[in-house]
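**Q** This structure is in structure tokens; I'll ask about it shortly.
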Amino acid sequence: MKNEKRYKKNIYAILVILLFWQIISSVLNKPIIPQPSIVLLYMIKSFFSIIFVHLLFSFGRIVFGVFISIVIGITLGIIMGYNNRYDDILSPIIYFIYPIPKVALLPVVMLFFGLGELSKIIMIILIVVFQVIVAARDAVKNIPKETYYSLYTLGASKYDILKNVLFPAALPDILTSIRVSTGTAVSVLFFIETYGTEYGMGYFIMDSWMRVNYVEMYSGIIIMGILGFLLFLMIDFFEKRFCVWK
Amino acid sequence: MIKIESLTVKYGSFTALSNINLEIGDDEIYAVLGPSGCGKTTLIYALSMIIKEFEGRVLINDKPIKNSDVRIGTVLQNYGLLPWKNVYENALLGIEIKDKEKADKLYSEYIIKELGLEDLKYKYPNSLSGGQMQRVALARSFILKPQILLMDEPFSALDAITREKMQELFLNIWMNNKVSTVFVTHSIEEAICIGKKIVILSKSPGRILKIINNPLFGLKEPRLSSDFYNLSLEIRKFIKEGWSIEK
């Protein structure tokens, strides 16, 4: 019932956007804003033949980058949250790098890791990983001491504590941090896909713009939005699946 | 059996517990009664090896405690439940960590049923009341089949009626599964209802002022006995003197 209502709302929102688009394009009547029906038709027609491969590349880069970020972020975050000694050493370093706009690091990353896939994925990791580290660390730090006590008295091993306390306690906050950073990751993805590649939604949009193919360009922009939407849905799904207790 | 020999616990220069000597038999519950901040919780922590640095000795069946060898059941003030595990998983957590294998299903089902948790099995702690969480913590301890049971003001957060019900429930299960138990409380009535012996601690640093043999232990309805009133009066009088001495 609730879901049905939400779907209805979403469809309603999309219809409103399309309507506005239609009005503006009719009023201006210039090729720079093509009619939505033409763009949608093109999108559907050429989805598998042209767009799909670009979408796949973008999706793969994001998912792979986020995955690596989670692995690094959970490991470092939990270590730092659990052991103050490591926190004291690592926190200043993270606080220093964290606020630097990651796009500013692009030239450095390109110089070190070349123009290929590696530098693109490293850029995504740089955006996502710090938020995951800080979220995991703070979540672990916020676990009350007493939560560990009943496990200590049972002679629980470090692995038991990790599996039963640290990991489940950090997971919801990690998912939230990913939700926050994925938006940034998608926008930077566009930027980094404009060099050194012929695949990806960023390339697709820039390329169609250069060829003055506005219909193609708009369909690329829409697909990019759908890509972000899908990523958020995935995060929601994981949260529902693994954080039932919330 | 728990044997405590001249146990003294210090936090830096602050002495929390001073020279505690107790011997708790296999079928005994010692109710430890003391004012707030007298070191009751410290006693539980020392017995469960959460605090490892203390003077004196704590022996279980004549051997020093090692968490890996001894089965210690604890019911702490905040219940110690993990919010991400449902009632059933929480109840079985103790034994699964201890034995690294699946629990004795029949026995755990029996304890869960005894504690009236059957219908709550798949609920998570954030949807339980205080009394229900307390029952889950009790279930976890009993399913573990502990050699010693340590309880730190387990019922203090419950309302009076729930509290009496829980005391009764606890004693019922305990009678069928007897184990050396230290039950810390600040309520005189609770000490009389639960303890076979009642240990009265002094104000901080906690020393043993008196150990009382509780003649009402094991009675069905101790509160209805006239001795209940007399004993609680006696303890109250003693406490008035004992807890004010060190002003």
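The values are calculated or read from the model by the stated rules, or taken from the named source; none is laboratory data. Note that this is a predicted model, so its numbers are computed, not measured. As a convention, Cβ positions derive from the backbone with ideal geometry for all residues, glycine included, and neighbour counts pool all protein chains shown. Areas reflect the complete protein model, heavy atoms only, side chains present, ligands, DNA and RNA absent. Shrake-Rupley method; radii C 1.70, N 1.55, O 1.52, S 1.80 Å.
**Q** If I ask for residues that are in a loop (DSSP other than H, G, I, E, B) and open to solvent by less than 20 Å² (accessible area, probe 1.4 Å), which ones from the range B:135-145 would you list?
**A** Let us first name the residues in the range B:135-145 that are in a loop (DSSP other than H, G, I, E, B), namely B:144-145.
If the condition is that a residue be in a loop (DSSP other than H, G, I, E, B) and open to solvent by less than 20 Å² (accessible area, probe 1.4 Å), then B:144 is the only one that fits.
**Q** Sticking with this structure for a sec: For residue B:17, indicate whether it is more than 8 Å from every other protein chain (Cβ to nearest Cβ), touching a helix residue (DSSP H, G or I) at 6+ places or on another chain (Cβ under 7 Å) and part of a loop (DSSP other than H, G, I, E, B).
**A** Working: more than 8 Å from every other protein chain (Cβ to nearest Cβ): yes; touching a helix residue (DSSP H, G or I) at 6+ places or on another chain (Cβ under 7 Å): yes; part of a loop (DSSP other than H, G, I, E, B): no.
No, not satisfied.
**Q** Also, quick follow-up: Does the range B:114-128 contain at least one residue that is modelled with pLDDT under 90 and at the interface with chain A (Cβ under 10 Å from one of its Cβ atoms)? Spell out how you get there, then give the answer.
**A** Residues of the range B:114-128 that are modelled with pLDDT under 90, as a first pass: B:114-116.
Next, only the ones that are at the interface with chain A (Cβ under 10 Å from one of its Cβ atoms) stay: none.
No, there is no match, as no residue in the range B:114-128 is modelled with pLDDT under 90 and at the interface with chain A (Cβ under 10 Å from one of its Cβ atoms).
One line per residue, one yes/no per condition, for (1) under 23 Å from residue A:228 (Cβ atoms); (2) among the charged types (D, E, K, R):
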position: A:9; (1), (2): yes, yes
position: A:14; (1), (2): yes, no
position: A:25; (1), (2): no, no
position: A:41; (1), (2): yes, no
position: A:47; (1), (2): yes, no
position: A:70; (1), (2): yes, no
position: A:99; (1), (2): no, no
position: A:106; (1), (2): yes, no
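**Q** Among the residues of the range A:204-246, how many are under 13 Å from the mean Cα position of the chain (by Cα), without any contact (Cβ under 8 Å) to a residue 40 or more places away in the chain and more than 18 Å from residue A:48 (Cα to Cα)?
**A** 4
**Q** Open to solvent by 40 Å² or more (accessible area, probe 1.4 Å), within 23 Å of the chain's Cα centre (by Cα) and aromatic (Phe, Trp, Tyr) - does that describe any residue in the range A:13-31?
**A** Checked against the condition, which is being open to solvent by 40 Å² or more (accessible area, probe 1.4 Å), within 23 Å of the chain's Cα centre (by Cα) and aromatic (Phe, Trp, Tyr), the range A:13-31 yields no hits at all.
**Q** May I pose another question? Evaluate the range B:109-130: report whether one residue or more is buried (at least 20 other Cβ atoms within 10 Å of the Cβ) and among the aromatic types (Phe, Trp, Tyr).
**A** No, there is no match, as no residue in the range B:109-130 is buried (at least 20 other Cβ atoms within 10 Å of the Cβ) and among the aromatic types (Phe, Trp, Tyr).
**Q** Within the range B:20-64, restricting attention to residues that are of a type in the set (Asp, Glu) and in a strand (DSSP E or B), which residue is nearest to residue B:199 (Cα to Cα)? Before you say what the answer is, go through the steps one by one.
**A** Filtering the range B:20-64 down to residues of a type in the set (Asp, Glu) leaves B:23, B:26-28, B:53, B:55, B:62.
Within this subset, residues satisfying the condition of being in a strand (DSSP E or B) are B:23, B:55.
On the way: B:23: 11, B:55: 20 Å.
Here the residue is B:23.
**Q** Right, another one. Of the residues that sit in the range A:111-146 and are assigned to a helix (DSSP H, G or I) and either without any contact (Cβ under 8 Å) to a residue 12 or more places away in the chain or in contact with a strand residue (DSSP E or B) (Cβ under 7 Å, 6 or more places away or on another chain) (or both), which one is nearest to residue A:80 (Cα to Cα)? Write out each step before concluding.
**A** Initial filter on the range A:111-146 (assigned to a helix (DSSP H, G or I)): A:111-113, A:117-141, A:145-146.
Next, only the ones that are either without any contact (Cβ under 8 Å) to a residue 12 or more places away in the chain or in contact with a strand residue (DSSP E or B) (Cβ under 7 Å, 6 or more places away or on another chain) (or both) stay: A:111-113, A:118, A:145-146.
Numbers: A:111: 30, A:112: 28, A:113: 28, A:118: 27, A:145: 16, A:146: 19 Å.
Top of the filtered list is A:145.
**Q** Among the residues of the range B:94-103 satisfying the criterion of being in contact with a helix residue (DSSP H, G or I) (Cβ under 6 Å, 6 or more places away or on another chain) and in contact (Cβ under 8 Å) with a residue 12 or more places away in the chain, which is farthest from the other protein chains (Cβ to nearest Cβ)? Please lay out each step first, then the result.
**A** First, the residues of the range B:94-103 that are in contact with a helix residue (DSSP H, G or I) (Cβ under 6 Å, 6 or more places away or on another chain): B:94-95, B:97, B:103.
Filter once more, so that each one left must be in contact (Cβ under 8 Å) with a residue 12 or more places away in the chain: B:94-95, B:103.
Values: B:94: 6, B:95: 9, B:103: 13 Å.
Out of the qualifying residues, it is B:103.
**Q** Oh, and also: Restricting to the range B:56-89, what's the tally of residues that are more than 7 Å from every other protein chain (Cβ to nearest Cβ) and either among the aliphatic types (A, V, I, L, M) or buried (at least 22 other Cβ atoms within 10 Å of the Cβ) (or both)? Let's see the steps before the verdict.
**A** Of all residues in the range B:56-89, those more than 7 Å from every other protein chain (Cβ to nearest Cβ) come to B:56-66, B:69-71, B:73, B:75, B:77, B:79, B:81, B:85-89.
Then drop every residue that is not either among the aliphatic types (A, V, I, L, M) or buried (at least 22 other Cβ atoms within 10 Å of the Cβ) (or both), which leaves B:58-60, B:65, B:70, B:73, B:75, B:79, B:81, B:87.
So the count comes out to 10.
**Q** Now, a different point. Are there any helices (runs of 4 or more DSSP H) wholly within the range B:153-247 with 1 or more residues that are closer than 20 Å to residue B:138 by Cβ and small (Gly, Ala, Ser), and if so which?
**A** Numbers: elements: B:160-176, B:188-194, B:226-242.
Filter on the range B:153-247 gives B:160-176, B:188-194.
**Q** Need the failing condition index for residue B:106 against (1) away from every other protein chain (no Cβ under 14 Å); (2) surrounded by 14 or more Cβ atoms within 10 Å (Cβ to Cβ), just the number.
**A** In the conditions (1) away from every other protein chain (no Cβ under 14 Å); (2) surrounded by 14 or more Cβ atoms within 10 Å (Cβ to Cβ), residue B:106 misses (2) alone.
Residue-by-condition table, conditions (1) without any contact (Cβ under 8 Å) to a residue 24 or more places away in the chain; (2) open to solvent by 10 Å² or more (accessible area, probe 1.4 Å); (3) within 19 Å of residue B:238 (Cβ to Cβ):
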| residue | (1), (2), (3) |
| --- | --- |
| B:177 | no, yes, no |
| B:181 | no, no, no |
| B:184 | no, no, yes |
| B:188 | no, yes, yes |
| B:192 | no, no, yes |
| B:195 | no, no, yes |
| B:199 | no, no, yes |
| B:204 | no, yes, yes |
| B:207 | no, yes, yes |
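**Q** How many residues does the range A:111-126 hold that are at pLDDT below 90 and either of a type in the set (A, V, I, L, M, F, W, C) or not assigned by the TED database to the domain that holds residue A:96 (or both)?
**A** Qualifying residue count for the region: 1.
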